[in-house]
Amino acid sequence: MALIRLNSASISFGDQPVLDGVDLAIDADQRIALVGRNGTGKSTLLKILAGMIKPDSGERTTVKNLRLAYLQQDVPVDLEGSIYSVVASGLADLGTLLSEFQATTLLLADPAGHDLPALQDKLAKQQEQLDNNDGWRLQSQVEETLSRLQLDGNQRFEQLSGGLKRRVLLGRALLQDPQILLLDEPTNHLDIESVTWLEKYLSGLRCTIAFVTHDRAFLESLANRIIDLDRGHISDWPGNYQRYLQGKADLLKNEEESNALFDKKLAQEETWIRQGIKARRTRNEGRVRALKKLRQEHAQRRNLSGNANMQVNQAARSGKKVIEASNISFGFEDKKLVSNFSLTLMRGDKLGLIGPNGVGKSTLVNLLLGKLEPQQGEIKHGTNLEIAYFDQMRSVLRPDLSAQDNVSGGKDMIEINGETRHIIGYMQEFLFSPERARAPITALSGGETNRLMLAKLFLQPSNVLVLDEPTNDLDIETLELLEDLLANYPGTVILISHDRSFIDNVVTSTIVFNGSGKLAEFVGGYTDWLQQSGQSGKVASSAKKKSGGKNSQGKAAQSSKQPSAQIEKANDPEKSAKPIKLSYKLQRELEQLPQQIDKLEEEISQLEKTMSDPDFYKNQDTDDSSFNDTVERARQAAAELDLAYQRWDELESMKTPE
């Protein structure tokens, strides 16, 4: 039985429904990613699942006494107290009692300035209340949760970084021992270290997780079911993110072909109805009614929203050498941020900066741009530099201006790459309707504000782009477009980002902050740094344990099988150093595995094709068992495929080299 079920759930916040008759069932032990463009209703769906808002129509049903925890996207700004008290607040009144007991205990340890007998009396009363309410068991749970999350209960919540605050709020949610954990953008504004920790931690939880994220590496590692929200409807995709992408592409292609046939038929009927007087006198009234129905269907169609069409206003080429830093150092008081670091940045380089929050990435950028003077060493700039800077703090935006005036400075016409454009037309390329372009920026969502920043940035002529966390709140489609733009940008790029996939797809070299001012440069992106620094084996091992044999990106099905085995053998000294001769039985098993894998992949492809048909979901709530049988078989086949690849890798690594 499903833990939560939505039946014909609909909700609207304007002319078009955000959810339009959605049916959804969530079962135990699933890792569900909700994906879709900004504004499609992912957060709304999470809140309906959590019971925080009610749909306009339809119903939400749950199993009896369902334990559900919800982690919201934004950290509450008014939340204060010790980490212990915030985590314990997940237990409601008993959590408050535990927090008061802990505070009293701490005061008794150092009672200077307090009435000692009164404190002792207060502690005795609190102990009695805990005795009567199973408080000691709950106290043990709070302490165990703090330990699992590596948190110091005595620290003040309001003094923590954004990443640690989210970890505390996660602890509060987990203290409720949820059967379902709902997470809205859990990786937003976290550094890579925090994201990888969260990824590993969540993969070990024994509960259903439904989450919204635009971090593709996080999504690929964690999800085993994808729910896609598109124009008020959902499609359900068992398996990993890569399988969803292929299935979604096929579905959109079929939709495009179907719409083209529909439009052709409508055009033919419109031509017929507009024929001469004689044709109108003899026309078939049934055909007229059918035409009216076609017109109505066409009017109600919700077309797929377009993609952003970003372009950069390019300045003349810079000199060949852009920035040269020689033995530079910088720090604040006793904290060294950059120590004896040298760098030569050439025209066309794409440089990524990786490191925890607060380690000095933005400081290094300000040094390289000349906004700060190094305390030691020197920095030289090349000729003809035109620098455009994306500030993650969004300080260049004026809240008293509309979105379009923030971009154009109040002008109706702008010029980009020698072409004069109207500002509304330019804004539409960044997915702003005329109404949203004229709106005050205080009315924009996080994703819209980031797109506005990019529209303003790319209007400035440049040959050096500096981007400080440009990916926050952007949907995956826009992220991929931005990747392509930066990868093909003829100038120089300096990028600070915690999005591992984005870094891998854009940069040509990476500077890694190792703490205490130590910086190291590596060729390539995040994955290349892991391999070159010797950490890739640890990451792959951890990922394999938590994914049941998948690789670190969650891609169980690979078209090229042999390279993955060669990589594993090269990274595993024991396997490469101690090959053994396979027995006849094992050799036969190895020979048969490719055929078994091909059959499973073909079966999964057919199942996904069946489930991509909208009519398939009409049987979801009927007595017809074919729906549940098909979905269950898809999950079983995916698991069998993972095991087959794992066994193939294992046997390949055991073979004696030829």
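Summary table
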item: Scope the range 513-533; condition touching a helix residue (DSSP H, G or I) at 6+ places or on another chain (Cβ under 6 Å) and open to solvent by less than 20 Å² (accessible area, probe 1.4 Å); matching residues; result: GLY525, LEU530
item: Residue match in the range 520-527 (condition: assigned to a helix (DSSP H, G or I), among the charged types (D, E, K, R) and more than 24 Å from the chain's Cα centre (by Cα)); result: no
item: Subset of the range 149-176 (residues that are part of a helix (DSSP H, G or I), of a type in the set (D, E, K, R) and in contact (Cβ under 8 Å) with a residue 40 or more places away in the chain); result: GLU158, LYS165, ARG166, ARG172
item: Among (1) at pLDDT 90 or above; (2) more than 30 Å from GLU220 (Cβ to Cβ), the one test that ALA50 misses; result: (2)
item: Residues of the range 349-387 classified as part of a loop (DSSP other than H, G, I, E, B), of a type outside the set (A, V, I, L, M) and either surrounded by 16 or more Cβ atoms within 10 Å (Cβ to Cβ) or touching a His at 6+ places or on another chain (Cβ under 7 Å) (or both), total; result: 9
item: Scan of the range 1-39 for residues that are farther than 19 Å from ASP74 by Cβ and not in a strand (DSSP E or B), ordered by number; result: MET1, ALA2, LEU3, GLY14, ASP15, GLN16, ASP27, ALA28, ASP29, GLN30, GLY36, ARG37
item: In the range 388-418, the residues that are among the charged types (D, E, K, R) and either open to solvent by less than 50 Å² (accessible area, probe 1.4 Å) or over 21 Å from LEU482 (Cβ atoms) (or both); result: ASP391, ARG398, ASP400, ASP405, LYS411, ASP412, GLU415
item: Long-range neighbours under 6 Å by Cβ, at least six apart or interchain, first residue over 29 Å from GLY360 (Cβ atoms) and open to solvent by 10 Å² or more (accessible area, probe 1.4 Å) within the range 441-470, second part of a loop (DSSP other than H, G, I, E, B) and acidic (Asp, Glu); result: PRO461/GLU386
item: Enumeration of residues in the range 47-57 that are touching a helix residue (DSSP H, G or I) at 6+ places or on another chain (Cβ under 9 Å) and surrounded by fewer than 18 Cβ atoms within 10 Å (Cβ to Cβ); result: MET52, ILE53, LYS54
item: Criterion (touching a residue at least 60 places away in the same chain (Cβ under 8 Å), surrounded by 18 or more Cβ atoms within 10 Å (Cβ to Cβ), more than 22 Å from GLY171 (Cβ to Cβ) and not aromatic (Phe, Trp, Tyr)) met by exactly one of THR40, THR44; result: THR40
item: Complete set of residues in the range 373-432 that are in contact with a strand residue (DSSP E or B) (Cβ under 9 Å, 6 or more places away or on another chain) and among the basic types (Lys, Arg); result: LYS380, ARG421
item: Subset of the range 158-190 that is under 25 Å from GLY515 (Cα atoms) and touching a Gly at 6+ places or on another chain (Cβ under 6 Å) - its residue that is modelled with the highest pLDDT; result: LEU190
item: Search result, residues across the range 77-100 that are without any contact (Cβ under 8 Å) to a residue 24 or more places away in the chain, surrounded by fewer than 19 Cβ atoms within 10 Å (Cβ to Cβ) and over 29 Å from the mean Cα position of the chain (by Cα); result: ALA92, ASP93, THR96
item: Yes/no for THR630 being under 29 Å from SER258 (Cβ atoms), modelled with pLDDT of 75 or more and of a type in the set (Val, Ile, Thr); result: yes
item: Selection count, the range 485-506, where residues are part of a helix (DSSP H, G or I), over 22 Å from GLY162 (Cβ atoms) and open to solvent by less than 20 Å² (accessible area, probe 1.4 Å); result: 2
item: Qualifying residue in the range 231-242 (condition: farther than 21 Å from LEU607 by Cα and either of a type outside the set (Phe, Trp, Tyr) or in a helix (DSSP H, G or I) (or both)); result: yes
item: Exclusive hit being at pLDDT below 90, open to solvent by 20 Å² or more (accessible area, probe 1.4 Å), within 30 Å of SER147 (Cα to Cα) and charged (D, E, K, R), set ASP27, ASP15, ASP74; result: ASP74
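The values are calculated or read from the model by the stated rules, or taken from the named source; none is laboratory data. Since we're looking at a predicted model, the values are computed, not measured. Virtual Cβ from ideal backbone geometry, glycine too; neighbours counted across all protein chains shown. Ligands, DNA and RNA are stripped out before the accessible areas are found, and what is left, the full protein with its side chains, is counted by its heavy atoms. Shrake-Rupley method; radii C 1.70, N 1.55, O 1.52, S 1.80 Å.
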